[in-house]
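The structure appears below as structure tokens.
The values are calculated or read from the model by the stated rules, or taken from the named source; none is laboratory data. Please read all numbers here as calculations on a predicted model, not as lab measurements. Here the Cβ positions follow ideal geometry from the backbone for every residue, glycine too, while neighbour counts run over all protein chains shown.
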Amino acid sequence: MPTPEFVLQLRRKIGNDLLLFPGVKSVVFDRREDPSRVLLGKRSDNGQWHLPAGMMEPGEQPAPALVREVLEETGVVIEIDRLISVLTLPRSAYPNGDQVQFLSCAFRAHYVSGDARVADDESLEVGWYDLDRARRMLGPADRESIELALPLEGPPFFHR
């Protein structure tokens, strides 16, 4: 998916300076009660595996934004189970010099319908992976999100 228009408008005004964006991330299990597999995508910009995630658009609420993002990226319809964390992620920069930082709301969700597939230009591959393999494929932050999401119920994590 291309850069949202509201971001392009902001960038025209402030250039590459730091912007804080609301983001959403999902740990999507193939089943609600028995989470044996998780949905992953391989990013087209850096080739790394990740949990489906994205940026909220103006006027969106976090949970519906995540449902939209997962469908747009993977072709999978999900249902949200619970909030698992709210964290400010480290600052980062894109190759064009744009500085960003995300406030990320991560959710546990489960599969409802659809076939996991590459549904936009943000991913090279999309699929379901057993938990052990997923842990080996992902970076530390996404592995932590999976661990926080494993219990069907539980309080959200807030960094101290």
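Looking at the range 91-107, is at least one residue touching a Gly at 6+ places or on another chain (Cβ under 6 Å) and under 15 Å from ALA63 (Cα atoms)?
Looking for residues that are touching a Gly at 6+ places or on another chain (Cβ under 6 Å) and under 15 Å from ALA63 (Cα atoms), one finds at least one in the range 91-107, hence yes.
Would you confirm whether or not the range 133-148 contains a residue that is over 18 Å from TRP49 (Cα atoms) and at pLDDT 95 or above?
yes
Looking only at the range 13-41, count every residue that is buried (at least 17 other Cβ atoms within 10 Å of the Cβ) and among the charged types (D, E, K, R) and tell me the total.
Result for the range 13-41: 3.
With respect to ASN46, is the statement that it is without any contact (Cβ under 8 Å) to a residue 12 or more places away in the chain and part of a loop (DSSP other than H, G, I, E, B) true?
Taking the combined requirement at face value, the residue satisfies it.
Quick one: which residue in LEU103, LEU152 is out of contact with any His (no Cβ under 9 Å at 6 or more places or on another chain) and in a loop (DSSP other than H, G, I, E, B)?
The unique qualifying residue is LEU152.
Consider the range 113-132. How many of its residues are surrounded by 13 or more Cβ atoms within 10 Å (Cβ to Cβ) and farther than 23 Å from ARG68 by Cα?
Of the residues in the range 113-132, 1 are surrounded by 13 or more Cβ atoms within 10 Å (Cβ to Cβ) and farther than 23 Å from ARG68 by Cα.
Yes/no matrix, rows are residues, columns are (1) hydroxyl-bearing (Ser, Thr, Tyr); (2) out of contact with any Cys (no Cβ under 9 Å at 6 or more places or on another chain); (3) farther than 22 Å from ILE146 by Cβ; (4) assigned to a helix (DSSP H, G or I):
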residue	(1), (2), (3), (4)
PRO58	no, yes, yes, no
ALA65	no, no, no, yes
GLU73	no, yes, no, yes
ASP81	no, yes, no, no
PRO90	no, yes, no, no
HIS110	no, yes, no, no
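Pairs needed: first member in the range 66-93, over 19 Å from ASN46 (Cα atoms); second member anywhere, among the basic types (Lys, Arg); C-beta distance under 6 Å; at least 6 residues apart or different chains.
Once the first residue is over 19 Å from ASN46 (Cα atoms) and sits in the range 66-93, its partners that are among the basic types (Lys, Arg) give GLY75/ARG117; ASP81/ARG108; ARG82/ARG108; ILE84/ARG108.
For residues in the range 104-140 being among the β-branched types (Val, Ile, Thr) and under 16 Å from LYS42 (Cα atoms), which is farthest from the chain's Cα centre (by Cα)?
Per the stated criteria, the residue is VAL118.
For the range 2-43, how many residues meet the condition of being outside any strand (DSSP E or B) and at negative phi?
The number of residues fulfilling the criteria is 23.
Can you give me the number of residues within the range 61-96 that are within 21 Å of ASP121 (Cβ to Cβ), at pLDDT 95 or above and more than 12 Å from the chain's Cα centre (by Cα)?
Residues meeting the conditions: 4.
Under 7 Å between Cβ atoms, which residue pairs at least 6 apart in sequence (or on different chains) link something in the range 1-18 that is under 26 Å from SER123 (Cβ atoms) with a partner that is of a type outside the set (Asp, Glu) and outside any loop (DSSP other than H, G, I, E, B)?
Once the first residue is under 26 Å from SER123 (Cβ atoms) and sits in the range 1-18, its partners that are of a type outside the set (Asp, Glu) and outside any loop (DSSP other than H, G, I, E, B) give PRO4/MET55; LEU10/LEU19; ASN16/GLN99.
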